[in-house]
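Taking it in order: structure first as structure tokens, then the write-up.
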Amino acid sequence: MKPYNYAGKTVLITGGTGSLGWSLVTRFLKTDIRKIIVYSRDEFKQYRMGKHFATNRERLRFFIGDVRDRDRLHRAFSGVDIVIHAAALKHVHLLEYNPIEAVNTNILGARNIIDAAIDRGVEKVVALSTDKAVNPINIYGATKLVSDKLFRSAHAYSGDSGPSFTVVRYGNVVGSRGSVIPFFRDLKNQKAPILPITDLRMTRFFITMEQSVDLVLKALNLGKGGELFISRIPSCSITDLAKAIYPEAELHETGIRAGEKLHEVLLTEDEARTTFDYGEHFVVYPMSEFESEAAKQLPGGKPVAPDFSFSSESNANWLSVDELRDLIEKLPEHGDKLPPFTPGGGFR
């Protein structure tokens, strides 16, 4: 990876108290970065994070704020060089019931980030996306699709001297809070007799937290503006994941929930026209840049086939039960526990 000079830089992470935020802070503290700002809404999570990183408080700051608040963002971005935008509302079934809230955070919040970054002279912005933004069928995916479009075209607003805006897209992060792995683990710890699964045919992409951070930093280091970075990651089936965590349990199919897909897609045939393969990752270039400014393409990539797509169902790389078990055994237990077992739930 091309080295990036963090000396004297200030980075702000929206949604920085989430699982990815913790990992990004840990990674950034190993560099010579000047200051890290964690921007989020939850004061208790900031308190816990501050206690954990107490020995690094001279380089770590905590700002309470919401991406919906334009004025607060404008103040928080003062002196900031790098923004990593991880804040989002993302629980599919909850957002199906609360669609306006998804719009306010995921779309209007994205617009606020873009405006504040341009107005405050930020150098680089990396926005996090999701496989659910591809051919979306739920409010979460639809709002993230719009957010991605805003970020990828934001360089048209920022001009030649403004920030570069880059997007990273990946699937489920192994063991992140609110995901299925902690859910299944808690049921196992309760010795629940069954694991509820929405559909036994379901598949998903899985990426480790370390790989997620690597992709963000890769986009930060290499992105020139408008690109979409996608990791080449493996798939797994929900039934294999359940067997890896709690093989003694009976699998109970509960029915697919509103907004859920059987399989996810990270890259479509329509995007393949401007996509280059770099081995461990793909880069989707903006169409206008691809046609008129080929010099912006990063070296070392090869164009993918015109009919190429990257789906969790047809992926050539699959995690076995043993591989899943090895991954899961290395994960820490989260502190957020479930109430006593009742049938229900599913695979996000």
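When ASN112, ASN135, ASN104 are checked against the criterion of being over 19 Å from PHE165 (Cβ atoms) and either touching a Phe, Trp or Tyr at 6+ places or on another chain (Cβ under 6 Å) or modelled with pLDDT of 95 or more (or both), ASN104 stands alone in meeting it. Does ARG204 satisfy the criteria of being among the basic types (Lys, Arg) and either part of a strand (DSSP E or B) or without any contact (Cβ under 8 Å) to a residue 24 or more places away in the chain (or both)? Criteria met by ARG204.
For region 235-281, the set of residues classified as among the hydrophobic types (A, V, I, L, M, F, W, C), part of a strand (DSSP E or B) and out of contact with any Leu (no Cβ under 6 Å at 6 or more places or on another chain) consists of VAL265, LEU266, LEU267, PHE276, listed by residue number.
Step by step: first the residues of region 95-107, then only those that are surrounded by fewer than 19 Cβ atoms within 10 Å (Cβ to Cβ) and within 18 Å of the chain's Cα centre (by Cα), then the one that is farthest from GLY15 (Cα to Cα). Which residue is that?
Keep residues of region 95-107 that are surrounded by fewer than 19 Cβ atoms within 10 Å (Cβ to Cβ), which gives 96-101, 103-104, 107.
Of the ones still in play, those that are also within 18 Å of the chain's Cα centre (by Cα) are 103, 107.
Working: VAL103: 16, ILE107: 15 Å.
Here the answer is VAL103.
Comparison of ILE230, ILE238 shows that the only residue that is within 13 Å of ASP131 (Cβ to Cβ) and buried (at least 21 other Cβ atoms within 10 Å of the Cβ) is ILE230. Of the residues making up region 119-131, those that are outside any loop (DSSP other than H, G, I, E, B), within 15 Å of the chain's Cα centre (by Cα) and at pLDDT 95 or above are VAL125, VAL126, ALA127, LEU128.
The residues of region 46-92 that are crowded, with 19+ Cβ neighbours inside 10 Å and aromatic (Phe, Trp, Tyr), listed by number, are PHE62, PHE77.
For region 149-169, a residue qualifies if it is surrounded by 15 or more Cβ atoms within 10 Å (Cβ to Cβ) and at pLDDT 90 or above, and the qualifying residues are LEU150, PHE151, ARG152, SER153, ALA154, PRO163, SER164, PHE165, THR166, VAL167, VAL168, ARG169.
Close contacts from region 36-58, counting a first residue that is under 19 Å from THR10 (Cα atoms) and a second that is exposed (fewer than 14 other Cβ atoms within 10 Å of the Cβ) and modelled with pLDDT of 95 or more, with Cβ to Cβ under 9 Å and a gap of 6+ residues or different chains, come to TYR39/ILE64; SER40/ILE64; GLN46/ILE64. For region 160-201, the set of residues classified as under 21 Å from ALA249 (Cα atoms), assigned to a strand (DSSP E or B) and touching an Asp or Glu at 6+ places or on another chain (Cβ under 7 Å) consists of ILE194, ILE197, listed by residue number. A count restricted to region 12-24 and to residues that are crowded, with 23+ Cβ neighbours inside 10 Å, out of contact with any His (no Cβ under 7 Å at 6 or more places or on another chain) and of a type outside the set (Gly, Ala, Ser) stands at 4.
Here PHE206, PHE184 are screened, and the one residue that is under 14 Å from the mean Cα position of the chain (by Cα) and surrounded by 17 or more Cβ atoms within 10 Å (Cβ to Cβ) is PHE206.
The values are calculated or read from the model by the stated rules, or taken from the named source; none is laboratory data. What you see is a predicted model, and the numbers here were worked out from it, not measured in a lab. Cβ atoms come from the backbone with ideal geometry, glycine included; neighbour counts cover every protein chain shown.
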